[in-house]
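Take a look at the structure set out below.
The values are calculated or read from the model by the stated rules, or taken from the named source; none is laboratory data. In this text the structure is predicted, and so the values were computed from the model without any measurement. Don't worry about glycine lacking a Cβ; one is built from the backbone with ideal geometry, like all the others, and counts go over all protein chains shown. Just the protein is used for accessible areas: all its heavy atoms, side chains included, with ligands, DNA and RNA removed. Shrake-Rupley method; radii C 1.70, N 1.55, O 1.52, S 1.80 Å.
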Amino acid sequence: MKFFRNISYKKNIAYLFSCAIFFMVTSCEEDLTNNKGKNNKNFASQVINNANIIQRDSGFVTMRAKAPIIEKYELIDSPYTVARKGVDILFFDKKKPKTPGTIKAKYAKFYDYKQFYEARGDVRITTNENERFAMQSVFWDQRKKRIYTKDTVYVTMKDGSTLIGAHGMTAKDDFSEYVFYQNSGDFTTDKLSEKQK
């Protein structure tokens, strides 16, 4: 009798052990299937080292951009392109094709669908009229053709006068018009009288 009880006891233990293994395996399979649906797609689909990009409009070169590295993230809902190690851009105007403006920044990002740019870190902009803007960040809405920032903007005009926009600025993207917020600086009286005419 003891012999049969011992065998049935061992069978019960073996049965419980096999059930435990079955549930462990099935629970692991469930975890794996749950993780498959959450794959991270936010990785660079294209990487360009020592990038030298030229943009044209009807044969006219509108922009030349250089960057140590450019990464394109195209496999997500809102694709974007990023230059994490800085960017140096020349932009050309048909009115003055031989005198480009420049934009330099330590970081830049472009949102493809929104047509929206941002530049950060010691942003320096020089227009083709030789007006120089310095700030920490700037944003460009290409659809609205507007550039803006909330950072303090330091401007040096081509005649040497200076202006500080303490609470940022908005401007047309060709810098033909701009508005500064809480500004101060030094202007020549000739320039002020020209504005009043």
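Structure data summary
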item	result
Flag if Phe175 is open to solvent by less than 40 Å² (accessible area, probe 1.4 Å) and modelled with pLDDT under 90	yes
Complete set of residues in the range 79-106 that are open to solvent by 50 Å² or more (accessible area, probe 1.4 Å), under 24 Å from Asn49 (Cα atoms) and assigned to a loop (DSSP other than H, G, I, E, B)	Arg84, Lys85, Lys106
Complete set of residues in the range 141-167 that are in contact with an Asp or Glu (Cβ under 6 Å, 6 or more places away or on another chain) and within 20 Å of Tyr107 (Cα to Cα)	Ile147
Matching residues, the range 114-141, being touching a Ser or Thr at 6+ places or on another chain (Cβ under 6 Å) and open to solvent by 50 Å² or more (accessible area, probe 1.4 Å)	Arg120, Arg132
Residues that are modelled with pLDDT under 70, assigned to a loop (DSSP other than H, G, I, E, B), surrounded by 10 or more Cβ atoms within 10 Å (Cβ to Cβ) and not hydrophobic (A, V, I, L, M, F, W, C), drawn from the range 178-197	Thr188
Failed item in (1) of a type in the set (A, V, I, L, M); (2) within 15 Å of the chain's Cα centre (by Cα); (3) surrounded by 15 or more Cβ atoms within 10 Å (Cβ to Cβ), with Ile76 passing the rest	(3)
Among (1) within 28 Å of Asn42 (Cα to Cα); (2) open to solvent by less than 60 Å² (accessible area, probe 1.4 Å); (3) part of a loop (DSSP other than H, G, I, E, B); (4) acidic (Asp, Glu), the one test that Asp151 misses	(1)
Filter pass, Thr62 being closer than 30 Å to Met135 by Cα and at pLDDT 90 or above	no
